[in-house]
Every structure is written in structure tokens, then in C-alpha cells.
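Asker: Please read through the structure below; I'll follow up with questions.
The values are calculated or read from the model by the stated rules, or taken from the named source; none is laboratory data. All of these numbers come straight from a predicted model, not from anything done at the bench. Heads up, the Cβs are rebuilt from the backbone with ideal geometry, glycines too, and the neighbour counts pull from every protein chain shown. To get the accessible areas, we keep the full protein, side chains included, count just its heavy atoms, and leave off ligands, DNA and RNA. Shrake-Rupley method; radii C 1.70, N 1.55, O 1.52, S 1.80 Å.
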Amino acid sequence: MVDWHQWENIRTAHPLVYHITNQVTIQDCANITLASGASPVMTSDPGEAAEMARMSQALVLNIGTPSPLQREAMLTAGRAANEKGIPIILDPVGAGATSLRIRLLEALLKTLKFSIIRGNRSEIATLCGHRGGRGVDAEGNELDSITPHFRELSRQTDATISVSGATDYITDGHQEAFVGNGTPLLAQVTGTGCMATSLTACCLASEITPFESAIIALVATGVAGEKAVSSLSTTEGIGTFRIRFFDEIFHMNTETLSKWRKVRISRHA
Ligand SMILES: Nc1ncnc2c1ncn2[C@@H]1O[C@H](COP(=O)(O)OP(=O)(O)O)[C@@H](O)[C@H]1O
Ligand SMILES: Cc1ncsc1CCOP(=O)(O)O
């Protein structure tokens, strides 16, 4: 059972969520963080990364557009966060696309302890050793055949694994959740995965457990997408959808989450 009231914790706690993230969706991530009731800060200068991490309540490391300076900032901020017990969430955007991304992920996973790793199926499958994906979007991978690998990754990394797709899958190695909310239009707008990661960090920063943070954030993303798409007229498309998605997150509350949620949770055998 998920306590959906915890969504309101974000507005009450108003946590600072530090993002080292990609140049494509950085502003969307800042705005979705604000829409949920948290406060974003985005900077990639290694010179201030440790100090910024120490004052935050959660750290997002999103590898969408890596650079040498950003890679250094991620390791510096990550070490500072780990030392202070501040939770870190990793978004391995485009994980399998290049060797540089694979090496960066190996370094991050070797050096840092993550509370949550959130990506699409191709990205998380790459972390499980099944390299795939042409760019940053998911390709292939039937959910049923791959969930045992996600559970194993959770055990190996001691992190909650949050995998988005038509059906989202979350495991902390002991229990698993399937989230059926969403709309295919979410996959046609860039940044919805990055924003799902930001929302997961907002929950994590508000003292919600990693497993519940992952579920609540993906339900909120999916429900906001469903409500946004249902409001579109025949002449409206992804531009209006994107704006309405922000509005729906801004107005998201306990009642909407518990009424619209499509979640199945079970314990692993
Ligand atoms: N075919 C789909 N049907 C319904 N929801 C989807 C679909 N594809 C993705 N979503 C939703 O879109 C959001 C972003 O997921 P995804 O597109 O997998 O992330 P990414 O942008 O990292 O590739 C998630 O909330 C997910 O549930
Ligand atoms: C298109 C693109 N290229 C590098 S990062 C990025 C954004 C990816 O965003 P998301 O993973 O949320 O679709």
C-alpha cells in the first residue's frame, strides 16, 4: 500500500533539489520541480558542486549531455552527498548509445551509492549488461523477460530501480510495482523521463522511501499525462500537451493520485 498523502510532503518540506543535468531538458526539470512544490538548483561547475550538494536534500545526476567538466562535477557532488547521507538519483540517459556513456556510468556506479536509478527500458537494460538503444529513446525489450535482470541490478547496487515505459516497473529487490498510468504522447515529448526523475527526487528529498518515491512520481507523471491528453481539442498537439502536463503536476494532489492510480504491488518470492 502506498500512502498517497505523502505527495503533499513536497509542498510542506519545500526541499532543495540539486540537479546536474542535460542541456536539452534542464529548464523543464527546474519548472516541474517548482510545480511539485520543491525548489530546484542547476549548476555543473565542479568548483561549487560539493558545497551545493551539501545544502540540498536530494541530488539528481542525469547524463544526457555529458562534458568533461560535468563528469567531474557529478563525481564531486556525488561524493559530498554520500558523505552527508543525502540521497542521489541517477538517470542514465542514452546509456547504451556510446562507449563514453558506458564508461561514465561504470565510474559513477563504482564510486557512488545511489538511492534510485531511473531510466527507460533500454537504458536500464544496458546497465544490466544488455546494451541497446540508438539515442536517448527506448527500443524493444519485453517487460516480462527482463524484470529478473532489473531485480538483480537492484540487489547489486542496493538501489531502487525505476523503469519507465508503457507499463512502468519498480523494484527494490524485495518488492515490485507495476504502474499502468500514462499515455503514448508522453514518449513523444522530450524530457518527460527527465521530469519523472526530477519528481522522483522531489519525493526522495521529502523523506519518502525510495520505493514509494519511485511509484508516486511515476503515477503523478502518468496521471498528469492522461489528464493533459484528455483535455486536448482535435487541433491541439504536443505543444499544448506539454504545457497542460505542467499545469496538471502543479494541481496534483492526494485525491487525484488515489483516484487515478493504476498500481499493482507484490513481494518477490
Ligand atoms: N507507450 C506508453 N504508454 C503510456 N505511457 C508511456 C508510454 N511510454 C512512456 N510512457 C510514460 O512516459 C513517461 C516517460 O517515460 P519514458 O518515455 O520511458 O522515459 P524516457 O523519456 O526516459 O525515455 C513515464 O511516465 C512513462 O510511464
Ligand atoms: C534528446 C536528448 N538528447 C540528449 S539528452 C536529451 C533529452 C532526453 O530526455 P528524456 O530522457 O526525458 O526523453
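Asker: Report, in deg cm²/dmol and to the nearest 500, the calculated mean residue ellipticity at 222 nm for the chain, where each DSSP H run with n ≥ 4 adds -39500 (n - 2.57) and the sum is divided by the residue count.
Answerer: That calculation yields -15500 deg cm²/dmol at 222 nm.
Asker: May I pose another question? Let me spell out the model: positive unit charges on the Cβ of Lys and Arg, negative unit charges on the Cβ of Asp and Glu, origin at the Cα centre of the stretch 4-267. What dipole size does that give, in debye rounded to 20?
Answerer: 280
Asker: Give me the dipole magnitude in Debye, nearest 20, for the stretch 3-65 about the Cα centre, with unit charges on the beta carbon: positive for Lys and Arg, negative for Asp and Glu.
Answerer: Roughly 40 debye for the stretch 3-65.
Asker: Can I ask one more? Could you tell me which residue out of T65, A196, A30 lies farthest along the dipole of the chain toward its positive end? Charges go on the beta carbon: Lys and Arg +1, Asp and Glu -1, centred on the Cα centre.
Answerer: Looking along the dipole axis, the top candidate is T65.
Asker: Still on this model: Choose one of I89, T126, A177: the residue whose Cα lies farthest towards the positive end of the charge dipole of the chain (beta-carbon charges +1 Lys, Arg; -1 Asp, Glu; about the Cα centre).
Answerer: My answer, from the dipole projection, is T126.
Asker: From Cα pairs below 8 angstrom and at least 6 apart in sequence, can you work out the relative contact order of the chain, rounded to a whole percent?
Answerer: 20
Asker: Roughly how much of E106 is accessible, in Å² to the nearest 10, using a 1.4 Å probe?
Answerer: Around 110 Å² of this residue is reachable by solvent.
Asker: Which of C203, C194, C128 moves most in a GNM of the chain, Cα contacts under 10 Å?
Answerer: It is C128.
Asker: Quick one: which residues, 5+ away or cross-chain, put their amide H under 5 Å from the amide H of N120? H built at 1.01 Å from N.
Answerer: S164
Asker: Turning to a different aspect of this structure: Mind listing the long-range amide H neighbours of Q175? Cut-off is under 5 Å, sequence gap 5 or more, other chains count too, H placed in the peptide plane at 1.01 Å from N.
Answerer: So Q175 has HN proximity to H268.
Asker: Can you sort W260, W4 by solvent-accessible area, 1.4 Å probe, largest first?
Answerer: W260, W4
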